[in-house]
Amino acid sequence: IDASFSMRGVKWRMVENTVAAIFTALKGTNNHLQAFGYFEIDNICMISRLIKDRKLLSLYPTGKTASGQAIIGAALQMERSGSGKRLLIHVTDGGSNCGCDVKYGIRYCKSKGIDLVTLGSGSQERELMLEQYGDSIRFLDFIEKLPSVIEGLLRKKVLGS
């Protein structure tokens, strides 16, 4: 999850509430949920675990958007368990503006069999985001649509319905 400066306020609360709802919904199932927030400090991508020891954590959004490194970092944390599907949902409100190019994250996920979907809510940066993410991006007209879009994605990608 993009935790850069531009995600402060309502956007971040919406993301937190969505992660909390998914976390609660998956309790007692065989599915495994990991959540990470990322931001940049001094041109270094910082990735923070948002679920640890079955507890939800948070952080304060700051810095720039280092999406390329964040996608690779999150993908590296994904365990391969049997024939289970691996889905990486990346939430951002704008194009990546520091660090390595997003294409490296996309390429890494493809090479590891990880289905990457980026949910973008940056209406002013749509062309840049389309250029960076290609067919792996889906746009949200409003961040408030995030819960229903993620629910639809999980139904399609995980449950196959």
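The values are calculated or read from the model by the stated rules, or taken from the named source; none is laboratory data. Keep in mind the model is a prediction, meaning the values are calculated, not measured. Reconstructed Cβ throughout: ideal geometry from the backbone, glycine too, with neighbour counts over all protein chains shown. SASA here: full protein model, heavy atoms, side chains in, ligands and nucleic acids out. Shrake-Rupley method; radii C 1.70, N 1.55, O 1.52, S 1.80 Å.
Remarks
- Criterion violated by Asp101 - all others in (1) in contact with a Gly (Cβ under 8 Å, 6 or more places away or on another chain); (2) over 30 Å from Asn30 (Cβ atoms); (3) surrounded by 15 or more Cβ atoms within 10 Å (Cβ to Cβ) satisfied: (3)
- Hey, Thr18 in a helix (DSSP H, G or I) and within 28 Å of Arg107 (Cα to Cα) or not: yes
- Count of segment 35-55 residues which are more than 26 Å from Lys112 (Cα to Cα) and either among the small types (Gly, Ala, Ser) or open to solvent by less than 70 Å² (accessible area, probe 1.4 Å) (or both): 0
- Here Ala70, Ala66, Ala21, Ala74 are screened, and the one residue that is small (Gly, Ala, Ser), touching a Pro at 6+ places or on another chain (Cβ under 7 Å) and in contact (Cβ under 8 Å) with a residue 12 or more places away in the chain is Ala21.
- Restricting attention to segment 124-159 and to residues that are polar (S, T, N, Q) and open to solvent by less than 80 Å² (accessible area, probe 1.4 Å), the residue that is farthest from Ile22 (Cα to Cα) turns out to be Gln132.
- On inspection, Thr92 qualifies as open to solvent by less than 30 Å² (accessible area, probe 1.4 Å), closer than 17 Å to Gln132 by Cβ, modelled with pLDDT under 95 and not aliphatic (A, V, I, L, M).
- Scan of segment 35-57 for residues that are touching a helix residue (DSSP H, G or I) at 6+ places or on another chain (Cβ under 6 Å), within 20 Å of Ile22 (Cα to Cα) and not aliphatic (A, V, I, L, M), ordered by number: Phe36, Tyr38
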